[in-house]
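Asker: Would you mind keeping the following structure in view while I ask a few things?
Read-outs throughout are calculated quantities, based only on the coordinates presented, and are distinct from any laboratory measurement. Here the structure is a predicted model, which is why all the values come from computation and not from measurement. FYI the Cβ positions are ideal-geometry reconstructions off the backbone, even for glycines, and counts take in every protein chain you see.
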């Protein structure tokens, strides 16, 4: 390089990093928005744009981390394909199934769980004061008899009325207790559990025969692992026979299709990204495995929250960090648990409101995690991310859309500024959705048909025009309800289950 | 598209002094901004004589932002740097989305091609493999094309993992005739992890001594899956040498799951027993619990003298691991001495150990444990009483009725019910 070229290069470099110079440029051109009005409007517009860009860049970063992990794991597929032999050293598991008013489906769910392929496990069904005939169905279908109730009451729960043992299946027990909510039911199941690991499963979850083997795998690698989360996928459109998934398909309902896309974009690879840096703050209540002694030490599930699954995980992070103990909470990306997604707006709305409330409760009750010096990635990255982008996200996102629309129509914002805002918001959203589909193709290839790919691609675009915004609105409602301390309710899930066949 | 003049490198360097001069000039024109951002004002500013060199400031100067005047093209410019950045971010995002979409389509096409090749390999080779397994010699054997090697070896490995005996040997012979050992050695040196793993698996099943140096190198690597697989291949090839070399590492590598190690070491149980027994006294104290756990998993009978030392070790974890391995009555006195240990986990393991090696004189001790403050100790003691051969069912019931302690009574009732349920 000759001297003059070097000189010019240095001059340009100096230009780029010359802060006073750019400050002067800013002062020069701050009016270029053609905004007639206060600096506040301009500042808010910049903030909204920066927020959208930052949010999507964070998700992209998580997807990138997931990509690295998936690429690495893909190479080990040859080992996973080999016949698996039980050594008898596998850690036994207790599957805890909380049940409330599940008389129609509980028997088939339990029968399918009894067929899971694992060396040693037991199932503890907790009937949480159902108002219907759940307990009668269980007694009848599984020939239950009363069982002596000598178990350690490590976590206080609502009164247990009776413990039953199945005479047909030695590894099936049922706890009949007074109603106390899902968290209370899980705590009762933990008290009764015999084994060092327990797996919290929703009664309506559809598992695969090797689900337990896959979700327990990380525990093999040492006592550091205290919890693993299973991937929950949308079962709508799939074929289920004998309680197990036999064919993966796409739902026909547009609402369910949006949720498939959403699961790929945010729930699957987002969580996987956090897991790579041991910052996973959510293990789905539909399917997660925990070390029993650690959960008991943490006090079990909270009963006065609606998001007991996330709250427990955040509390585990906080506890382990406070006690300076080495630990890992791992996300298992293989599709191992399928659940029915709501196909009507009302149920979906209730679900999203509930999730936002659960998030609020989890973050607020464990806020100390963020300020710990040894908070690690969980406290210094994941927690602030959740706070800013998930908790306050609906407020900012929806506020941004409303503000920009109003400002545009009021003439405070030029049409191109408005257009750029929409362009960035939708463009980044589409990029994020497609990156989720790329990872799905790379890792699992669950949707092999060309038509399925096209439909997913289309809905990935459409998701950003309407669905995400409605979601933000519901989440905002959830946030407001939490703030107003309005009483939370699970609501009723309208189950269609048309893809399920009778055993 | 917005009109943005491209920057050209100045013929002379723009000094900091010059830039500040420009800034000062801009500040003096603030009054123009106070009137609002009129097109005339901007145009006037743009015409302000500046330095002849083209500076970034001059580039920005050329952008005109107006809503009331100017052409449509002029009206869709992005004069604000943040808008400019935002616009190009959105554009980049959409372009990247298109690229990813193309990548997905390309992956689908590649997968389809791979599936076709795999189907072809299955169609050609599965019948031949089935005949080889059945003991049917095949002459001549077709040659394996380079593009088919990887897929063929995957099928071959899967079959090898499922069969034993003469069928496995026949598959090995077939692989050697096809030159798979040579291919596998090439895979060992590959950077592709999948191929490396396949190479190690093939050479392990072939028990190829030629690959020993490379396997040893992989064994010492940081990657858990590859190093563990290399150990497996080495144990299959030459178990004595492998265990002699590897035992120290086996006990130290916490990232190797115990279950997987047990599967590997079970290939050579006697040699493994000797190697573990030799290694345990010499192992680092921090790894002693792991060594004892391995011994327990492999059901290795460690010398009583050695176990007695472990039972007297200061570390609770070592004592717990040693208690789990205790299997001879020689150690009863030491085990009994731990029955009142302050740590409930030790008392629990003592009750289990008594269940394995105890005699009738331990019944009193177990009855006392029925009243232990820790639930799990009471539970295990009750299980030992009801399920061991110390008492028959009638005697257990008598004991139940004779027990005053209600916790002990409840525990016995539970243990009896569990036994009945099974």
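Asker: Order by neighbour count: B:362, B:136, A:202, B:223, fewest other Cβ atoms within 10 Å first, most last.
Answerer: B:136, B:223, A:202, B:362
Asker: On a 0 to 90° scale, report how tilted helix A:393-410 is relative to the longest principal axis of chain A, with both axes built from alpha carbons and the result rounded to the nearest 10.
Answerer: Tilt relative to chain A: about 40 degrees.
Asker: Sticking with this structure for a sec: What do you get for Rg/Rh of the stretch A:398-445 when both radii come from the Cα atoms and Rh is the Kirkwood radius?
Answerer: 1.27
Asker: Only Cα pairs under 8 Å and at least 6 apart count here; give the relative contact order of the stretch B:341-382 as a rounded whole percent.
Answerer: The normalised contact order for the stretch B:341-382 reaches 45 percent.
Asker: Still on this model: Is it possible to state the helix-based mean residue ellipticity at 222 nm for the protein assembly as shown, with each DSSP H run of 4+ residues giving -39500 (n - 2.57), the sum divided by total residues, to the nearest 500 deg cm²/dmol? What is it?
Answerer: -18000 deg cm²/dmol
Asker: What is the gain in length, in nm to one decimal, between residue A:442 and residue A:120 on full extension, counting 0.36 nm per residue of separation less the C-alpha to C-alpha distance?
Answerer: 112.6 nm
Asker: May I ask for the Kirkwood hydrodynamic radius of the stretch B:147-247, worked out over all distinct Cα pairs and given in angstroms to one decimal?
Answerer: One decimal place: 13.5 Å for the Kirkwood radius.
Asker: Moving to a separate point now. At a Förster radius of 56 Å, what calculated FRET efficiency corresponds to the Cβ-Cβ distance of residue A:241 and residue B:401, to the nearest 0.05?
Answerer: 0.65
Asker: Moving on to the next point. Suppose we keep just the DSSP beta bridges with both residues in the protein assembly as shown; what percent of those would be antiparallel, to 5?
Answerer: 45 percent
Asker: Next question. Count, for each residue of A:422-431, the Cβ atoms from other chains sitting within 10 Å of its Cβ, then give me the mean as a whole number.
Answerer: Mean partner-chain Cβ count within 10 Å for A:422-431: 6.
Asker: Viscosity 0.890 mPa s, temperature 25 °C: give me the Stokes-Einstein translational D for the stretch A:80-202 in µm²/s, with Rh taken as the Kirkwood radius over C-alpha pairs.
Answerer: Translational diffusion coefficient: 167 µm²/s.
Asker: Counting only other chains, and only Cβ atoms inside 10 Å, what mean value do you get across the residues of A:233-245?
Answerer: 0
Asker: Given a Förster distance of 30 Å, report the FRET efficiency between residue B:98 and residue A:470 from their Cβ-Cβ distance, rounded to the nearest 0.05.
Answerer: Efficiency for this residue pair is about 0.70.
Asker: Work out the P(r) tail for the stretch A:176-245: percent of alpha carbon pairs separated by more than 13 Å, whole number.
Answerer: 74 percent
Asker: Rg and Dmax of chain A over Cα atoms: what are they, in angstrom?
Answerer: 25.2, 93
Asker: Residues of the stretch A:303-336 with backbone nitrogen within less than 17 Å of a virtual label 7 Å along the Cα-to-Cβ line of residue A:368, please, listed as ranges.
Answerer: A:311-325
Asker: Another one. If the viscosity is 1.306 mPa s and the temperature 10 °C, what Stokes-Einstein diffusion coefficient in µm²/s follows for the stretch B:292-422 when Rh is the Kirkwood radius over Cα pairs?
Answerer: My calculation gives 106 µm²/s for D.
Asker: Could you quote the convex hull projected area for the stretch B:201-252, Cα atoms only and averaged over all directions, in nm²?
Answerer: Average projection, Cα convex hull of the stretch B:201-252: 3.1 nm².
Asker: Calculate how steeply helix A:39-74 sits against the longest principal axis of the alpha-carbon atoms of chain A, using the helix alpha-carbon long axis, and give the answer as 0 to 90 degrees to the nearest 10.
Answerer: 50 degrees
Asker: Quick check: the distance between the Cα centres of the stretch B:301-338 and the stretch B:245-271, to the nearest angstrom?
Answerer: Cα centres, the stretch B:301-338 to the stretch B:245-271: 22 Å.
Asker: If one takes the longest principal axis of the Cα atoms in chain A, at what angle in degrees, from 0 to 90 and to the nearest 10, does the Cα axis of helix A:345-365 lie?
Answerer: That helix lies at roughly 80 degrees to the long axis.
Asker: In addition: Take A:326, B:368, A:182, B:409 and order them by how many other Cβ atoms sit within 10 Å, fewest up front.
Answerer: Sorted ascending by nearby Cβ count, the order is A:326, B:368, B:409, A:182.
Asker: Using only alpha carbon pairs under 8 Å that are at least six residues apart, calculate the relative contact order of the stretch A:315-420 and give it in whole percent.
Answerer: Dividing the mean separation by the residue count of the stretch A:315-420 yields 21 percent.
Asker: How many percent of all Cα-Cα pairs in the protein assembly as shown sit more than 56 Å apart?
Answerer: Value for the protein assembly as shown: 26 percent of Cα pairs lie more than 56 Å apart.
Asker: Given a Förster distance of 22 angstrom, what is the FRET efficiency for residue B:185 paired with residue A:77, based on the Cβ-Cβ distance and rounded to 0.05?
Answerer: E between residue B:185 and residue A:77, to the nearest 0.05, is 0.50.
Asker: Pop a pseudo-label 7 angstrom from the Cα along the beta-carbon direction at both residue B:143 and residue B:255 and give the gap in nm to one decimal.
Answerer: 4.1 nm
Asker: Something else about it: Any idea what the relative contact order of chain A is, in percent, if you count C-alpha pairs under 8 Å spaced at least 6 apart?
Answerer: Reported as a whole number, the value is 18 percent.
Asker: If you take the Cα atoms of the stretch B:97-213, find Rg, then find the Kirkwood Rh from the mean of 1/r over all pairs, what is Rg/Rh?
Answerer: 1.05
Asker: Taking other Cβ within 10 Å of each residue's Cβ, how do B:205, A:467 sort, fewest first?
Answerer: A:467, B:205
Asker: For peptide A:274-285, compute the average count of partner chain beta-carbon atoms within 10 Å of each residue's beta-carbon.
Answerer: Mean partner shielding for this stretch: 0.
Asker: Between the stretch A:252-310 and the stretch A:126-143, what is the separation of their alpha carbon centroids in Å?
Answerer: 28 Å
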